[in-house]
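Notes follow once the structure below has been shown.
The values are calculated or read from the model by the stated rules, or taken from the named source; none is laboratory data. Here the structure is a predicted model, which means the values were calculated and not measured. Don't worry about glycine lacking a Cβ; one is built from the backbone with ideal geometry, like all the others, and counts go over all protein chains shown.
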Amino acid sequence: MNEGKYNIKAVSKVTGIQPGTLRAWERRYHILEPVRNDAGHRLYTDEHIRKLKWLSEKVQQGLTISQAAAILDQHETEPGSYPYVEATEMSQQEALFEELLQALLRFDEVKAQELINKGFALYTIDYMTIQILASLLIRIGELWEEGEITTAHEHFATSILRSRIGMVMHSFPHNGILPKVVAVCGPGEWYELGLLIFTLFVRRLGYEVVYLGASLREKEDDIFTVVDTVKPKFLFLSCKMLDNIAPTIQLANKLKAAYSNIEIGIGGSAMNGLLPDGAAPYAVGETPQEWNQWMSSRL
């Protein structure tokens, strides 16, 4: 029986992955499910270590952790055997991803824009926007959270990537038959990445989206003015920090009481895993498939 026997410190030493990163990977991507001992401490198996080493290797080769986790999730493998990514198939994409990442971290905007233009010439709009630009946003955010880059790096890179993603989003045609959507961060939230990716997905489906970002940080009541003006069918709130989930749910309840015809959804990492009281009716899910199903069932 392959039982848990390694604590997180030992696993970190063997794999070279910091404990905080390990916990983040488990929470965000559900990569591992370590057992816990009587004291509540994580215990990892040999299989967990093999999986982590494979993931770490792919990240070092240029994939984001989300890409590597998706590859792993899409393959049913025998214990100890993990999907092999053919170098000839991935090398060009990996090279573009890594070269663009390094240009952003050097504050080289000219080179970064040149590489982004090259990517749009080589790949479809969907692939370049989701697999390269949005994945880079995630990678930059992870590097910043892990303390590997400065806030200046994060702001510079995020500004460029968000600008290009925004240009693509605004180029998508609107389907006049579909209802309007409002997307905004929850109260106290400033981290817009998840909301931005969600908005990109919704706009790609043809919805007209009013993207407000983190505007609720200053005046929560403004959202009621927006709703009165736009009259959307859907309103989505994004919440990453657990401390902000309660006020986000409270705001959703107030909006639902004031506008009974609006469908309100809440997404973000704070909604992943065990849902807090009152959150279940608003949970939109974690994947594009779940988002699409949630919206389709409420049209």
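Structure notes:
- Hey, L115 at pLDDT 85 or above, closer than 22 Å to A68 by Cβ and either under 20 Å from the mean Cα position of the chain (by Cα) or surrounded by fewer than 18 Cβ atoms within 10 Å (Cβ to Cβ) (or both) or not: no
- The stretch 143-182, subset among the β-branched types (V, I, T) and assigned to a loop (DSSP other than H, G, I, E, B), residue nearest to K256 (Cα to Cα): I177
- Qualifying residues in the stretch 1-33 (those that are at pLDDT below 80, assigned to a loop (DSSP other than H, G, I, E, B) and within 23 Å of L143 (Cβ to Cβ)) - the one farthest from the chain's Cα centre (by Cα): I31
- Residue count for the stretch 217-269, restricted to those that are among the hydrophobic types (A, V, I, L, M, F, W, C) and outside any helix (DSSP H, G or I): 9.
- Residue tally, condition surrounded by 15 or more Cβ atoms within 10 Å (Cβ to Cβ) and either polar (S, T, N, Q) or touching a Ser or Thr at 6+ places or on another chain (Cβ under 8 Å) (or both), over the stretch 118-135: 3
- Within the stretch 123-167, the set of residues being modelled with pLDDT of 85 or more and either touching a His at 6+ places or on another chain (Cβ under 8 Å) or among the hydroxyl-bearing types (S, T, Y) (or both) comprises I140, L143, W144, T150, T151, T158, S159, S163.
- With respect to the conditions (1) in a helix (DSSP H, G or I); (2) over 21 Å from L299 (Cα atoms); (3) of a type outside the set (D, E, K, R), V202 lacks only one, and its number is (2).
- Filtered by the rule that a residue be acidic (D, E) and within 18 Å of the chain's Cα centre (by Cα), the stretch 146-191 gives E146, E154, E189.
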